[in-house]
Amino acid sequence: MADTLNYRLEVAGPVGERFDEILTPAALEFVAKLDNAFAGTRRELLDARRRRRERITSGHEQLGFLPETRWIRSDPSWQVAPPAPGLEDRRVEITGPTDRKMTVNALNSGARVWLADFEDATSPTWRNVVDGQLNLFDAIRRDIDFTDNGKRYVIGEDPATIVARPRGWHLVEKHIRIDGRPVSASLVDFGLYFFHNARRLVAKGAGPYFYLPKLESHLEARLWNDVFRFAQREIGLPQGTIRATVLIETISAAFEMEEILYELREHAAGLNAGRWDYIFSIIKTFGYAGADFVLPDRAQVTMTVPFMRAYTELLVRTCHKRGAHAIGGMSAFIPSRDPDVNAIALAKVREDKEREAADGFDGSWVAHPGLVPVCRKVFDSVLGGWPNQLGRLREDVVVTEVDLLDVASAGGEVTAGGVRANINVALRYVDSWLRGTGAAAIADLMEDAATAEIARCQVWQWIRNGTKLADGTALTDDVVRAWLDEELATVRAELGTDNRLADAREIFVDTALGEKLPGFFTTGGYARYLTGSGR
C-alpha cells in the first residue's frame, strides 16, 4: 500500500514471484494518473450504454447511422495514420492468452501479428493478469523461454508483432484500488504494458500497439484516443506513436465504424470483424424485441448469412475508404490427430479464409499455430507481392440500416441438439474460466469467453420468446433446467472431481435463466468467484 498525491493506492492481490518488477511504484502511479484523468468519463459512458439499451428495449430508440455525425461519413478528405512499423502486412494474425507457453509459440508461429490477449482468452485471476504482463515484458526483451517434455523453446529470429488487447471498459481490476474503489481493468492492462514497454518497443523499430474490445460507440473510441494522448505525453513519446485496431463486435459499433476510425484517426490501424461477440451483442440488444430477432442454432449463424455479410462487407469498404486495415474473423479449429476430422475442418477453414480474402480483407485470425500455413497460403495467393489490399476500395458495396438489422435473414431452426450444445459448452467453458484458463479446448475448437456469452444468451432468448424447436417442442425454463442437469452429469463424469462445475451451473442459471439478461457473465463471475477466491 502506498500514499500517492491526494489518493490512497492499494494493491490488494497476493504477492507472486517477480510481481514487484511489474507493480513498481512508478508504474502504479502511472495507472493512478490514468484513473484520475479518465475514470469519471468511463463511468459516464457506461451509464450512457445502459440508458441507450433501455431506450432500445422500450422501443424509444432505433439503431441506425447517426444523423449528427453524417458530416464525418460524407467528408472524403480524412484518412487514418499510415501503417506503423510491423503492421504494414497483417495477412495472418494469431490470437491467444499471455501465458508463457503461448507467448513463445505465438511469436514463433509464422503469423505476422500476435494478439496478446488480456481479455476474452484470459481468465482474469490476479496471477494471470500480472504473469501476463511479465511474459510480455520478458518477450519484448527477448528473455523468455519454456521447456516442454525436456525440450527448451525460445523466441526465433523473426517473431510476430505484438498487439496487446486490454480488457473492456465494462470491467474492473479489483486487486488495484484507489481510495477503496477498483480501477478500470482497461487502464490497468493498458497502463502497465505501455509504461514498461512503449519506449523499448519504439527503440526496437516497432511500437506500442493495441486491440480495443467491446466498444459500443465512437465516444468510447474518443476516450481511448484521449488515454493514448495522455499516456504518450506522460512518458515523452510523440503523439501518434500508438496504434490501435478496434474490434467491431457490437451492433451499435457497426453503425459507427467511420466515426470510430475518425475519433482514433491519429492512432487508428484498422478494424476487425468478429463473430460470436457480434451475435452476442445482437441478442443482448434485441433480446426483448420478439421473434424477428430470434436466431437459430449457434452453428447455423455463419459469416455467410445476409446480415453478417452486410456487416463484414461494410467493414472492408469503411476501412479501405479511410486507409485502415480490415482484419477478418477467427478460425478456432484445433488440429486433430484424426485425419478425417482434420480434412473436413481444414477445408472449412480454407473456404472461410478464401471468402475473406476475396472480399478484400487484409488478413485474418487463427487460434492455433497449425492453422497459420493454411491462412497464409490463401492470402499469399490473393496478395501476390502486395502487403495488403488497401487499394481495393469496394465502392460496389452498399449496405443499409435494414441490411444490418435483418437478423431474420439467418433463417435456420432451433433444435434440441443446439440447445444442449449451448448448455454443454457454457458449462465446460465457465468451469475452465473459473479454474484459471480462459482459452479452453472444447470439441476440437479453441473457445474463449465469447462462446459462453453467446451460448447462455441464446438459451435466454429462446426461453423468453417461447421458441418452438424443430421437433415442435416448446422450449421452457423447465425443459432447459432438466437438460442442464443432464449435461452437467455428462460433463462431470468426464472431468472427474477436480472441477468448478457447481459454480459454473450457478453462473449459467443466473445469466441464462433469470427474468432479465445480464450484460456479461464475466462481471458477476469475476466479482463472486475469482476475486473471492483470492486468485
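Structural remarks
- Relative packing of peptides 59-69, 295-305, 207-217, 473-483 - highest average C-beta neighbours within 10 Å first: 207-217, 295-305, 473-483, 59-69
- Ligands, DNA and RNA are left out, and with a 1.4 angstrom probe the accessible area of the stretch 127-192 is 37 Å² per residue.
- For the stretch 434-492, averaging the sequence separation of C-alpha pairs within contact (under 8 Å, six or more residues apart) and dividing by the residue count gives a relative contact order of 15 percent.
- Residues whose amide H lies under 5 Å from that of Ile155, counting only those 5 or more places away or on a different chain, are Ile144; hydrogens are built 1.01 Å from N in the peptide plane.
- With the simple model of a label 7 Å out from the Cα in the direction of the Cβ, Lys204 to Glu413 spans 5.4 nm.
- Scattering curve values for the stretch 237-382, log₁₀ I(q)/I(0), Debye with Cα scatterers, q = 0.18, 0.21 Å⁻¹: -1.10, -1.30
- Taking the DSSP beta bridges with both ends in the chain, the antiparallel portion is around 40 percent.
- Karplus-derived 3J(HN,Hα) values for the stretch 260-267, using 6.51 cos²θ - 1.76 cosθ + 1.60 with θ = phi - 60°, are 5, 4, 4, 4, 9, 4, 6, 10 Hz; glycine and proline are entered as x.
- Taking the Kirkwood radius as Rh and the Cα radius of gyration as Rg, the stretch 371-482 has a ratio of Rg/Rh equal to 1.11.
- Taking only the alpha carbons of the stretch 239-320, we obtain Rg and Dmax values of 14.3, 48 Å in that order.
- Over 14 Å [Cα-Cα, the stretch 303-396], rounded percent: 65
- Positive-pole candidate from Asn465, Val479, Leu530, dipole of the stretch 427-535, charges at beta carbon: Leu530
- As a calculated quantity, the FRET efficiency between Thr147 and Asp47 at R0 = 41 Å, using C-beta atoms, amounts to about 0.25.
- Relative contact order, whole percent, for the stretch 140-291 stands at 18, derived from Cα pairs under 8 Å and 6 or more residues apart.
- Accessible surface of the chain, 1.4 Å probe, proportion on carbon and sulfur as whole %: 50
- Amide H contacts under 5 Å for Val92: Arg112, Val113, Ser364, restricted to partners 5 or more places along the chain or on a different chain, H placed in the peptide plane at 1.01 Å from N.
- For the stretch 400-424 versus the stretch 162-238, the gap between their alpha-carbon centres in whole angstrom: 35
- Once the 1.4 Å probe is applied to the protein heavy atoms, the stretch 434-488 comes out at 36 Å² accessible per residue.
- Centroid-to-centroid separation of the stretch 37-74 and the stretch 294-354 [C-alpha atoms, Å]: 28
- Amide H contacts of Leu171: Ala185, Ser186, each under 5 Å away and 5 or more positions distant or on a separate chain (H built 1.01 Å from N in the peptide plane; Pro and chain starts excluded).
- Relative contact order (%) - criterion: Cα under 8 Å, at least six apart; region: the chain: 17
- Considering only Thr497, Val378, Val414, and ranking their Cα positions along the charge dipole of the stretch 376-535 that arises from unit charges at the beta-carbon of Lys, Arg, Asp and Glu, the one farthest toward the positive end is Thr497.
- Computed from point charges on the beta carbon alone (+1 for Lys and Arg, -1 for Asp and Glu), the dipole magnitude for the chain about its Cα centre is near 800 Debye.
- Debye intensity ratio I(q)/I(0), log10, the stretch 481-535, q values 0.16, 0.17, 0.18, 0.29 Å⁻¹ (C-alpha model): -0.56, -0.62, -0.69, -1.13
- Overall dimensions of the stretch 123-184 as given by Cα atoms, namely Rg and Dmax in Å: 15.5, 47
- Label assignment, Cα extents along the principal axes in Å derived from the structure, set (1) 66, 61, 47; (2) 83, 68, 47; (3) 64, 56, 53: (3)
- Span-like helix ranges in the chain, DSSP H, alpha carbon extent 20 angstrom or more, Kyte mean at least -0.5: 126-140, 185-203, 306-321, 416-434, 449-464, 477-495
- Rounded to the nearest Hz, the phi-derived 3J(HN,Hα) couplings of the stretch 443-448 under the Karplus curve 6.51 cos²θ - 1.76 cosθ + 1.60 (θ = phi - 60°) are 6, 6, 10, 8, 9, 10, where x marks glycine and proline.
The values are calculated or read from the model by the stated rules, or taken from the named source; none is laboratory data. Just so it is clear, the structure is predicted and the values come from calculations on it, not from any experiment. All Cβ positions, even for glycine, are placed from backbone atoms using ideal geometry, and neighbour counts span all protein chains on display. The area values use the complete protein model at the heavy-atom level, side chains included, leaving out ligands, DNA and RNA. Shrake-Rupley method; radii C 1.70, N 1.55, O 1.52, S 1.80 Å.
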